[in-house]
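Enquirer: Please see the structure below; I have some questions.
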Amino acid sequence: MNTFRNGKFNLSGESLTDNFELLVKALDASISGIIITDNNQPDNPIVYCNKAFEKISGYQRSEIIGHNCRFLQKDDRAQPARQKLSDCIKIGSDCLVEIRNYRKNGDLFWNELYMSPVKDKSGHITHFIGVQNDVTDRKKAEQDLRQQKDLMEKKIEERTAELRDSEAFLSSIIQTVRESLLVLDPQFNVISANGHFLKTFKVSSEETVNKHLYELGNHQWDIPQLKELLVKILPTNNPVVDFEVEHDFPHIGRKLMLLNAYRVELEGQYKDQILLAIEDITDRREIERRKDDFLSIASHELKTPLTTIKGYIQALQRMVSSEAGERFKTTLDKVAVYVDRLNNLIAELLDVSRIQSGKIELHKTPFNFDAMIGETIEAMQTSTPSHHFILKGSTNSLIEGDESHLIQVVNNLLSNAVKYSPESKEIFIHLSRVSEYVKVSVTDHGLGISIEDQKKVFERFFRVGDVQERFPGMGIGLYICDQIIKNHKGTLWVDSKKGEGSTFSFTLPIGEGQANGN
Amino acid sequence: MEIKKILVCDDDEGILDMLALILEETGHEILLENNSMNVLSIIETQSPDLILLDLWMPVISGDQLLKSIRANSDMHDLPVIVISASRDGRKIAQQAGASAYIAKPFDYQELIDSVDACLSGDITHMSNTI
Ligand SMILES: Cc1cc2nc3c(=O)[nH]c(=O)nc-3n(C[C@H](O)[C@H](O)[C@H](O)COP(=O)(O)O)c2cc1C
Ligand SMILES: Nc1ncnc2c1ncn2[C@@H]1O[C@H](COP(=O)(O)OP(=O)(O)O)[C@@H](O)[C@H]1O
Ligand SMILES: [Mg+2]
């Protein structure tokens, strides 16, 4: 018999665990989204979400755990509801708002959000609970009502819709795009083939239209795995995405083709037709391979003289006698630092090419996460007297991962924080555990990043416009970090306001049985 | 200290010169060779105690050479340190049977330590930790 909360928690389960599981099941059965955030950690990170939340938002739990809920707003930030939420979190009161949110696929939904604080005995707020309801339909009905006054406009809209609905419109698009397209009926007979298809495969319309897909050419598309995917399209609406076919085609020889197939959708209605898009990626692949080879040869060639220089510098450092001037020694040390920097740049360039071709190699072993972070910060502190690094929190976790690559990530975030906050002196690093994840946040009070640029900073070679000329860099650090974190099944993201500073955070899953301590 | 013979093979003259300067400090006898084709015969005539070997070299690459050393019953125990700027160098060296691997550009002390360890027989094969 447990006496937890005077037995109020004793639903009917045998033990506390039984009752707890029952409650979790109840939460998952709810049709409202439910979110719990930890108010004891900076910026209220999500520590729990139920199934309905995943369904409403389209995000998986693993993608959003540890994030602040504002990612749901995408770049729609000028909403009065946000201010209200922010005020209520500050004073610790509950509130009900309607806010425009966006699903993972970009679709807008109206979120009726009830948010309330959870307090402990002393009145201190430990958590916030958010309950989300998708009220898009209601909102839409309200809006439709308003719109009906505008009958004229609607009629015009209807007419264009009619036009668009016509098969003629579809086929005119199909004929003009510069991609090979086939439209198929449910039995995979070709209804139409566009000009680009006929040109690419050097075939005539008679050889193609009204023929069965698998009979075309020398039966090039008659591939069991492809067939399996194609038959699922109409019943499930699941597209075939980026299916590669390498084949010796009649007339055109050995080629690598990329296939994408979708169910045809017009004005929100599915038709019993399949659109098959075929792209010749033979040349592109070859160019990628050559670029890869080039980069690895170039980096080898660049490193060879660098090795000689570094060797001589190290020899000189040893030869310097104790009487040698201090200026001579520090000059030599500086040369050594810049040679290392050059070497890192070369390695980074090679990393980018590796990642693009999917050849990044990770060697995962368990390691003490907090020790790794501590040592990395310490080393950075030694070489960066201009800024002060302040570490708070802990994770007490062993992480199964590639330690040297994760050090690279932390180094990158720290050096960006320093580089892009020349006027401010402090960098804050916060460690925490969120559910079965560790979370690291690096906060600076520097330039900050506008909402439009926030998504792009993780793309390779992207650099914020007004930063380009003032700060050195190649715009690949964050791209590499993002790929490394993704390869560890974690997430990397940024919360920032232009002119105020940035917080770059990442999560990493704690492997099973790897957590020690609390 | 017993004076040993170290053979260094790298197709880049700059690297050879620099390694000669650094290895001089160890007090051992240093043989320099920029043509990998000559290495097997030098081993036979000079019987070095240790080889430092580059990977990417014209005609015979370092890993090919290393494989033939390991396949030859007269020399298969010879310690060989592979030293390379190739990104996959460590893996290639390990698969070919290197005693140790050093990435270019290298750290002075790491090189000296590795040479000492190989000459004293402490290291015979690369460990798996990368
Ligand atoms: C428990 C909880 C749930 C929340 N749920 C949502 C939500 O579903 N959608 C949303 O847009 N904002 C939600 N928020 C609000 C944002 O996290 C954030 O507090 C708000 O955007 C105001 O802060 P900001 O101005 O710093 O962005 C929630 C906040 C809390 C504490
Ligand atoms: N802490 C930060 N504060 C402000 N802007 C940043 C910060 N970190 C990154 N950025 C922006 O993101 C861009 C990409 O960063 P990164 O990939 O590390 O490349 P690099 O620093 O070499 O330009 C930077 O050019 C900068 O505009
Ligand atoms: Mg950077």
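Enquirer: Please state which of the following conditions residue A:496 fails to meet, knowing it meets all the rest: (1) near ligand 2 (Cβ under 9 Å from one of its atoms); (2) under 17 Å from residue A:410 (Cα atoms); (3) modelled with pLDDT of 95 or more.
Expert: So the condition that residue A:496 fails would be (2).
Enquirer: Report the residue count in the range A:101-139 for those that are part of a strand (DSSP E or B), among the basic types (Lys, Arg) and more than 20 Å from residue A:44 (Cα to Cα).
Expert: Within the range A:101-139, residues that are part of a strand (DSSP E or B), among the basic types (Lys, Arg) and more than 20 Å from residue A:44 (Cα to Cα) number 0.
Enquirer: If you don't mind, there's one more thing I want to ask. Take the residues in the range A:57-71 that are over 17 Å from residue A:433 (Cβ atoms) and buried (at least 22 other Cβ atoms within 10 Å of the Cβ); name whichever of them is nearest to ligand 3 (Cβ to nearest atom).
Expert: Going through the qualifying residues, I end up with A:69.
Enquirer: May I ask you to list the residues in the range A:463-477 that are in a loop (DSSP other than H, G, I, E, B) and more than 11 Å from ligand 3 (Cβ to nearest atom)?
Expert: Selection gives A:464, A:468, A:469, A:470.
Enquirer: Quick one: in the range B:12-53, which of the residues that are without any contact (Cβ under 8 Å) to a residue 40 or more places away in the chain and among the polar types (S, T, N, Q) is surrounded by the most Cβ atoms within 10 Å (Cβ to Cβ)?
Expert: B:36
Enquirer: While we're here: Would you pick out the residues in the range A:228-263 that are in contact (Cβ under 8 Å) with a residue 24 or more places away in the chain and not in a strand (DSSP E or B)?
Expert: Selection gives A:229, A:230, A:233, A:234, A:237, A:239, A:250, A:251, A:252.
Enquirer: So, of the residues in the range A:460-502 that are of a type in the set (Gly, Ala, Ser) and within 16 Å of ligand 1 (Cβ to nearest atom), which turns out to be farthest from the other protein chains (Cβ to nearest Cβ)?
Expert: So, considering only residues that are of a type in the set (Gly, Ala, Ser) and within 16 Å of ligand 1 (Cβ to nearest atom), the one farthest from the other protein chains (Cβ to nearest Cβ) is A:499.
Enquirer: Something else now. Mind telling me which of the residues A:332, A:349, A:414 ends up being part of a helix (DSSP H, G or I), within 16 Å of ligand 3 (Cβ to nearest atom) and within 14 Å of chain B (Cβ to nearest Cβ)?
Expert: A:349
Enquirer: Another question about this same structure. What number goes with the only condition from (1) assigned by TED's automatic domain parsing to the domain that holds residue A:403; (2) without any contact (Cβ under 8 Å) to a residue 24 or more places away in the chain that residue A:370 does not pass?
Expert: All conditions pass for residue A:370, except number (2).
Enquirer: So is residue B:22 within 13 Å of another protein chain (Cβ to nearest Cβ) and either part of a strand (DSSP E or B) or within 28 Å of residue A:314 (Cα to Cα) (or both) or not?
Expert: Yes; evaluated as a whole, the condition is true for this residue.
Enquirer: Oh, and also: Does the range A:189-196 contain any residue that is modelled with pLDDT of 70 or more, over 17 Å from residue A:280 (Cα atoms) and either part of a helix (DSSP H, G or I) or of a type in the set (S, T, N, Q) (or both)?
Expert: Scanning the range A:189-196 turns up at least one residue that is modelled with pLDDT of 70 or more, over 17 Å from residue A:280 (Cα atoms) and either part of a helix (DSSP H, G or I) or of a type in the set (S, T, N, Q) (or both).
The values are calculated or read from the model by the stated rules, or taken from the named source; none is laboratory data. If you're wondering where the values come from, they're calculated on a predicted model, not measured in any experiment. Counting neighbours? That spans all protein chains shown, and the Cβs are built from the backbone with ideal geometry, glycine included.
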